[in-house]
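Notes follow the structure.
The values are calculated or read from the model by the stated rules, or taken from the named source; none is laboratory data. Remember, predicted model here, so these are calculated numbers, not experimental data. Please note: Cβ atoms are built from the backbone with ideal geometry, for glycine as well, and neighbour counts cover all protein chains shown. The area values use the complete protein model at the heavy-atom level, side chains included, leaving out ligands, DNA and RNA. Shrake-Rupley method; radii C 1.70, N 1.55, O 1.52, S 1.80 Å.
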Amino acid sequence: MKWKIAFFGLLAINMVIVVSLLCLILQPSSTKLPTPKAVKGATFLVHSSKEDVNILLNDYLKEKTKNSSLSYRVWIDDRVYVASQVPLFSRNVDLTVSFVPKIVKGGNLELRDPDLSLGEWQLPVNYTLSYLQKHAKLPDEVMIEPDAHRIYIDLANIQLKNGYRITAKEFDLEHDKIVFALTVPVK
């Protein structure tokens, strides 16, 4: 008889935890997408490969995330991949997220159709994106929207050295053809 009470008590506690987690995960996002700033200057088209973009991207992220408690790396292959390790039961477990990139208004990028895994386990999209939104120190120009199942990269508002601006013109991963417009401001 005591085991029945203990079993149903434990079952009730587990149900409360699961319902609480689901309520937190399903909260709507308050992220507002920014409007690209207009920059006057000379614009050049820059053709690149996935390998070159990977080098530039990780160098930029390394600088922007120096003091972050959650380290991650990003690379482009057939999709855009983000990998990190999360502490789970006193062990670090691999967390991998991949997206399909799409160019949106103003030459910005949107990463859609996420595929998420923790170790070998496929995870719900909202949970993982919410975790990344809360724990990953991302540049201000990268916005995670768990409810929309996407990450928005505000390329037009990333200010490079000397005030240069960059926007995406073509992002064809299958043919390794990536084209950016680089705007050099004039004074």
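For segment 88-187, the residue among L173, H149, G106 whose Cα projects farthest onto the positive side of the dipole built from Cβ charges is G106.
When the Kirkwood radius is taken over all Cα pairs of segment 78-176, what Stokes-Einstein diffusion coefficient follows at 20 °C and 1.002 mPa s, in µm²/s? In µm²/s, the coefficient rounds to 146.
Each of Q133 and Q159 was given a label point 7 Å from its Cα along the Cα-to-Cβ line. The distance between the two points is 2.7 nm. Using alpha carbons only, what's the Rg to Rh ratio of the chain with Rh from Kirkwood? Value, to two decimals: 1.09.
Given their separation in residues at 0.36 nm each and the Cα-Cα distance between them, K40 and I55 gain 2.6 nm when the chain is fully extended. Pairs from the list K50/K169; K50/K102; K64/K187; K50/K134; K66/K137; K64/K137 with a Cα-Cα gap above 20 Å: K64/K187; K50/K134. As a fraction of the 1.4 Å probe accessible area of the chain, surface on carbon and sulfur atoms comes out at 59 percent.
Counting only protein heavy atoms and a 1.4 Å probe, the chain has 66 square angstrom of accessible area per residue. Per residue, the convex hull spanned by the Cα atoms of segment 40-118 measures out at 130 cubic angstrom. Full extension of the chain between A6 and S48 gives 8.9 nm of extra length, using 0.36 nm per residue less the Cα-Cα distance.
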